Amino acid sequence: MSDFPVFKTKVDGLDNKFDLNDLASRQEYFQAKAGEEIKKLKAYLASGKTFVAFLLGKKNSGKGTYSKMFMEQVSQDKVGHLSVGDIVRDIHKALESSEQEKAALIEFLQKNYRGFHSVEETINLITNRNQSSLISSELIMALIKYEISKRPRQALFIDGFPRALDQVSYSLFLKELIGYREDPDVFIFINVPNSVIDERIKYRMICPICKTPRNIKLLATREVGWDADKKSFYLKCDNPPCNQARMVPKEGDELGIEPIKARLEIDGQVFNQLLKLTGVPKVYLRNSVPVSAAGENVDDYELTPEYGYELQADGKVKIIEKPWTVKDDEGVDSYSFMPPAVVLSLLKQMVKVLGL
């Protein structure tokens, strides 16, 4: 991880302790630590300038979370998050339910798609795909253009492209192909240890009513219950309309990263290939910091806590919080960052690569 230096988030003389799970406190955190950078980025976007940023990292590395938190601080209107996976899934659903949407897509592909299938075959590729199949790079390019054509001109975070080695060359010229000829592009590399991704998946919980995700080990709710029959703790949804519904794991999550190991290997190959590129500005984000380097570089509240639980005599559950220690991919004892600390690094580095 020599390309990923430890980013210092601690600000000398700033002793405030912010609650990074609370929106208002998070706003104060960003203003205190990156207020000048946020002001510069807002002015850049207000002047009509944009950028195309490729989010590069393993599956479940936080690409969507980081880009949306960046938008939360800078602009919800002038910056967009474009997930290639979501585009394909949304178009798949629309084709099944809307003849109008199908006609619009066919018309767009007839004008914009260049590839080795007819438009009719291309529509079948989308409607008949499954989660394990990859559609062609040429079609991915056309679908990205289709999604952008429906939006106002925005700075873009592109999530999920390139996803395979044969798509790397396409990514180098994507901004020209989608008409962003004068906009800078930047590659944002997100380094997350496999151990972090594994436990994010393995301990994930979801509300059966509102579908809000949490994590029994890493992101507890305010109230926790005890199942005497199963001898296990469970989370109660914080969303008031759900009336403290019992959150449940998703089927298969107990396997952690095992089902997606092949995907993670491909992601790693693409990641390492793009790290070698020259001529494109790069931003390096790291999700973890070695335990030995944490004290001088980060504030304690910026580290992801680990939650444990203790059943008390009155039947209530006591929540116990401590720093979460993981092994990074080199086997070094490390702490994982809360998302805002990673976004703080993103904000500051984007100002530099945009020359603001």
Residues being surrounded by fewer than 14 Cβ atoms within 10 Å (Cβ to Cβ) and in contact with an Asp or Glu (Cβ under 8 Å, 6 or more places away or on another chain) - total across region 24-57: 0
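If you go through region 90-108 one residue at a time, do you hit one that is of a type in the set (Phe, Trp, Tyr) and either in the same structural domain as ILE123 (by TED's automatic domain parsing) or without any contact (Cβ under 8 Å) to a residue 24 or more places away in the chain (or both)? First the steps, then the outcome.
Filtering region 90-108 down to residues of a type in the set (Phe, Trp, Tyr) leaves 108.
Next cut, either in the same structural domain as ILE123 (by TED's automatic domain parsing) or without any contact (Cβ under 8 Å) to a residue 24 or more places away in the chain (or both) only: 108.
Within region 90-108, one or more residues are of a type in the set (Phe, Trp, Tyr) and either in the same structural domain as ILE123 (by TED's automatic domain parsing) or without any contact (Cβ under 8 Å) to a residue 24 or more places away in the chain (or both).
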Filter pass, LYS49 being modelled with pLDDT of 95 or more and either more than 20 Å from ARG200 (Cβ to Cβ) or in contact with a His (Cβ under 8 Å, 6 or more places away or on another chain) (or both): no
Residue match in region 348-355 (condition: buried (at least 20 other Cβ atoms within 10 Å of the Cβ) and within 30 Å of LYS39 (Cα to Cα)): yes
Residue identified as modelled with pLDDT of 85 or more, within 27 Å of SER47 (Cβ to Cβ) and assigned by TED's automatic domain parsing to the domain that holds ARG263 among ILE206, ILE158: ILE158
Odd one out for ASN60, checked against (1) loosely packed, with under 15 Cβ neighbours inside 10 Å; (2) assigned by TED's automatic domain parsing to the domain that holds PRO184: (1)
Long-range neighbours under 6 Å by Cβ, at least six apart or interchain, first residue in the same structural domain as MET205 (by TED's automatic domain parsing) within region 245-256, second hydroxyl-bearing (Ser, Thr, Tyr) and surrounded by 12 or more Cβ atoms within 10 Å (Cβ to Cβ): ARG246/TYR234
When residues of region 300-356 are limited to those that are within 20 Å of the chain's Cα centre (by Cα) and among the hydroxyl-bearing types (Ser, Thr, Tyr), the one nearest to LYS40 (Cα to Cα): SER345
Pick from region 284-309, criterion of a type in the set (Val, Ile, Thr) and not in a strand (DSSP E or B), ranking: surrounded by the most Cβ atoms within 10 Å (Cβ to Cβ): THR304
Qualifying residue in region 77-87 (condition: outside any loop (DSSP other than H, G, I, E, B), more than 17 Å from the chain's Cα centre (by Cα) and not assigned by TED's automatic domain parsing to the domain that holds GLN31): no
Selection count, region 239-272, where residues are more than 21 Å from SER336 (Cβ to Cβ) and in contact with an Asp or Glu (Cβ under 8 Å, 6 or more places away or on another chain): 1
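Taking the stated definitions as given, is LYS49 more than 30 Å from GLY268 (Cα to Cα) and in contact with a Ser or Thr (Cβ under 8 Å, 6 or more places away or on another chain)? Even if it seems obvious, please write down each step before you answer.
Working: more than 30 Å from GLY268 (Cα to Cα): yes; in contact with a Ser or Thr (Cβ under 8 Å, 6 or more places away or on another chain): no.
Answer is no for this residue.
Do the conditions hold for ALA94, that is, is it out of contact with any helix residue (DSSP H, G or I) (no Cβ under 8 Å at 6 or more places or on another chain) and either at pLDDT 90 or above or assigned to a helix (DSSP H, G or I) (or both)?
On the way: out of contact with any helix residue (DSSP H, G or I) (no Cβ under 8 Å at 6 or more places or on another chain): no; either at pLDDT 90 or above or assigned to a helix (DSSP H, G or I) (or both): yes.
For ALA94, the condition - out of contact with any helix residue (DSSP H, G or I) (no Cβ under 8 Å at 6 or more places or on another chain) and either at pLDDT 90 or above or assigned to a helix (DSSP H, G or I) (or both) - is not met.
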Failed condition for THR122, given (1) surrounded by 15 or more Cβ atoms within 10 Å (Cβ to Cβ); (2) polar (S, T, N, Q); (3) more than 30 Å from ARG263 (Cβ to Cβ): (3)
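The values are calculated or read from the model by the stated rules, or taken from the named source; none is laboratory data. None of these values were measured; they are calculated from a predicted model. As a convention, Cβ positions derive from the backbone with ideal geometry for all residues, glycine included, and neighbour counts pool all protein chains shown.
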